[in-house]
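Peer 1: One structure, as structure tokens, below. Some questions next.
The values are calculated or read from the model by the stated rules, or taken from the named source; none is laboratory data. What you are looking at is a predicted structure, and each value in this text was computed from that prediction instead of being measured. Positions of Cβ are generated from backbone atoms using ideal geometry, with glycine treated the same way; all protein chains shown enter the neighbour counts.
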Amino acid sequence: MQKSSSPHALIDSFGRKVDYIRLSITDRCDFRCVYCMTEQANFLSRDDVLTLEEYARLVKVFVELGVHKVRITGGEPLVRKNALRLFETIGQLPGLHELVITTNGSQLEQQARALKQAGVKRVNISLDSLDARRFRQITRVGHLDKVLRGIAAAKQAGFENIRLNSLLMRGINDDEALDLVAFAIAQDLDIAFIEEMPLGAVHHVRRDSYVSNDQTLGLLRTRYDLIASPVCTGGPARYWQIPNNKTKIGFISPHSHNFCEACNRIRISCQGELHLCLGREHAVDLKPFLRGYPNDDGPLKQAIIDSMQIKPQGHDFDLSRAAPAVVRFMSYTGG
């Protein structure tokens, strides 16, 4: 069996180089956001998810194959028991340029400083409302003040690159775009607006709640003089800058401005399934290679290299369809 440690081994059939993985380490979350999961979510048993050691091995292998950015996600990654141990392990890997995390912020008050010491470079924090009652409505169980304390803790820990992620829904929180940007500016944070994606069956009709980022950008321009920024953080966000202000305003637009032609990302579920596209079912189960060859990374590497040939050209989301594009919830694949 062919083995490869080439730094350019992960190139798909469309010539795109994959150098960024998003790794979910749990499908569990302490929130129940309305766009992410159902209220009575059924989570995997602990025996069904990979061990922290298996996640660390996966990351090591991907870095050896040329990946230099790893984002740890969930569910909520920081509810995974002993998650910090994983960050400490992979944060020291040579060749890994960026270890980052996406979190709902609920655990940052206690863990931000330790994450910084473990080698995490950047933190993305979900924040969809600045109104405590509305925040509770969107998250079903979350407390805004806890997240705000988490944001403060991340700043105090010395993270220089903190980004808020906001998902606007028509008739629910789309009137908060200006307030959310004003908050980001006041806190010296970046912010990105993310269009809702049709993943999993939720209790609202997405085509009715959908807010395009073009609409949001137009609204923001009524208050701010926005200039397109060349800044790229390695993901799909496209940024705008306010002159003489450090805050960057990003837009992740899977519907209105499809970004698939430059996709450099793959996702790994908490069960070890390698998803080649967030919006498609194409996946390769890596668990048999992890457990069937505990002392030989060769078969695992080859399975990953071979998987590049089934990475689709794009997700082709269509909000006009009643059924979700993909049955699995975002919390399972990883945000």
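Peer 1: Could you check Leu78 against (1) on the phi > 0 side of the Ramachandran plot; (2) under 15 Å from the mean Cα position of the chain (by Cα) and say which number it fails?
Peer 2: For Leu78, the exception is condition (1).
Peer 1: Can you report the number of residues in segment 197-224 which are modelled with pLDDT under 95 and either assigned to a loop (DSSP other than H, G, I, E, B) or at positive phi (or both)?
Peer 2: 11
Peer 1: Now a separate question. So Glu98 fits all but one of (1) modelled with pLDDT of 95 or more; (2) farther than 22 Å from Leu278 by Cβ; (3) surrounded by fewer than 20 Cβ atoms within 10 Å (Cβ to Cβ); what number is the exception?
Peer 2: (2)
Peer 1: Go through the residues of segment 67-74 one by one and say whether even a single one is surrounded by fewer than 23 Cβ atoms within 10 Å (Cβ to Cβ), free of Cβ contacts under 8 Å to residues at least 60 places away in the same chain and under 26 Å from Ala114 (Cα atoms).
Peer 2: Among the residues of segment 67-74, at least one is surrounded by fewer than 23 Cβ atoms within 10 Å (Cβ to Cβ), free of Cβ contacts under 8 Å to residues at least 60 places away in the same chain and under 26 Å from Ala114 (Cα atoms), which makes the answer yes.
Peer 1: Report yes if Ala177 is without any contact (Cβ under 8 Å) to a residue 40 or more places away in the chain and aliphatic (A, V, I, L, M), otherwise no.
Peer 2: no
Peer 1: Need the failing condition index for Arg16 against (1) farther than 23 Å from Leu180 by Cβ; (2) at pLDDT 95 or above; (3) touching an Asp or Glu at 6+ places or on another chain (Cβ under 9 Å), just the number.
Peer 2: (2)
Peer 1: What's the number of the only condition in (1) at pLDDT below 85; (2) surrounded by fewer than 17 Cβ atoms within 10 Å (Cβ to Cβ); (3) over 28 Å from Asn161 (Cβ atoms) that Val326 fails to meet?
Peer 2: All conditions pass for Val326, except number (2).
Peer 1: Within the set of pairs 6+ apart or on separate chains, which have a first residue in segment 256-273 that is closer than 28 Å to Thr216 by Cα and part of a loop (DSSP other than H, G, I, E, B), a second that is at pLDDT 75 or above and aliphatic (A, V, I, L, M), and C-beta atoms under 7 Å apart?
Peer 2: Between residues of segment 256-273 that are closer than 28 Å to Thr216 by Cα and part of a loop (DSSP other than H, G, I, E, B) and residues that are at pLDDT 75 or above and aliphatic (A, V, I, L, M), the close pairs are Asn264/Val18.
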